[in-house]
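For reference, the structure is listed below as structure tokens.
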């Protein structure tokens, strides 16, 4: 396009072309993306809350919608996790060899993608290109009657290492049908462990919980470490163009290292002294506790009397308090003797 449309001196096109790794999938396959495009995140968010929220939705209503959406997601996640752990994957192909291993390892959704790749591998043709000095066998794999789909696959039989020019494993995390065809050609019936991504397995969540239970003691210092690295990195960028500044940074780095080491040694010595003092204090407190216990056995134990009980005659009745005694019982007012029955309508609530 640069040569055909004479865009060598076009500033905007040159700037976009320099960022080709960020927008062109052909140049970003070395980075793991799980097959997700940049616009899919906003689209999934709009699909989750867009059918309930609109431009007139208040912030409070949006928060309630968001909370209900999160609850629904978590409920679906629990259901899918239970289904994945208890159910058995079914397929139209014979469940044996590498496909059976994938059904045991991968989740149900990932198994569908792997099954599709495995089906494509059965419809490919293989042509050997040669062997290199490093015992790397080169193959060319392509679909039948589709020469444009050919990819070059490199394979080392001793270590079962394989890689393809389509770079599907680097971008998605599972092997492409080109690699599956070569592994099947060498009678490999199980997926090599190095090509099983933990995030796509049934035990992915278990691995996360195990890491959380066995917490790293350095984990609480991660925010401080990141902050200091950012500060020192900015300082290095400022001083990299000046020779005196670089020499000053290197000299002060040595001094800082020596001061930090001396400080750590002093802190370790102080902790040892404090630990020895604590041990002696514990022994003294234990001795004093024993002496106190032996002396306290000779003291008299105070006697606590029961509360007074009201003596009633004929039936059990609790004693009234001062507030209850001060209350006077209200007597019902008698009707006027001269009034006729029914002369006053009673105020009753019928409904």
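Some values worked out for this structure:
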item	result
Single condition residue 170 does not satisfy, out of (1) in contact with a helix residue (DSSP H, G or I) (Cβ under 7 Å, 6 or more places away or on another chain); (2) within 30 Å of residue 77 (Cβ to Cβ)	(1)
Filter result (within 17 Å of residue 170 (Cβ to Cβ), at pLDDT below 80 and not in a helix (DSSP H, G or I)) within region 1-28	28
Verdict on residue 61 being more than 23 Å from residue 35 (Cβ to Cβ) and either in a loop (DSSP other than H, G, I, E, B) or in the same structural domain as residue 179 (by TED's automatic domain parsing) (or both)	no
Hey, residue 154 crowded, with 16+ Cβ neighbours inside 10 Å and closer than 12 Å to residue 182 by Cβ or not	yes
Some residue of region 133-143 being loosely packed, with under 14 Cβ neighbours inside 10 Å, touching a residue at least 24 places away in the same chain (Cβ under 8 Å) and within 27 Å of residue 25 (Cα to Cα)	no
Any hit, region 109-126, residues being assigned to a loop (DSSP other than H, G, I, E, B), assigned by TED's automatic domain parsing to the domain that holds residue 174, exposed (fewer than 13 other Cβ atoms within 10 Å of the Cβ) and modelled with pLDDT under 90	yes
Residue pairs meeting the criteria (Cβ under 8 Å; at least 6 apart or on separate chains; first under 18 Å from residue 83 (Cα atoms), in region 103-128; second loosely packed, with under 13 Cβ neighbours inside 10 Å)	103/88; 108/83; 108/87
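Residue-by-condition table, conditions (1) farther than 23 Å from residue 105 by Cα; (2) surrounded by 15 or more Cβ atoms within 10 Å (Cβ to Cβ); (3) within 31 Å of the chain's Cα centre (by Cα):
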| position | (1), (2), (3) |
| --- | --- |
| 146 | yes, no, no |
| 167 | no, yes, yes |
| 187 | no, no, no |
| 193 | no, no, yes |
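The values are calculated or read from the model by the stated rules, or taken from the named source; none is laboratory data. These numbers come from a predicted model, not from an experiment. Neighbour counts run over all protein chains shown; Cβ positions are idealised from the backbone, glycine included.
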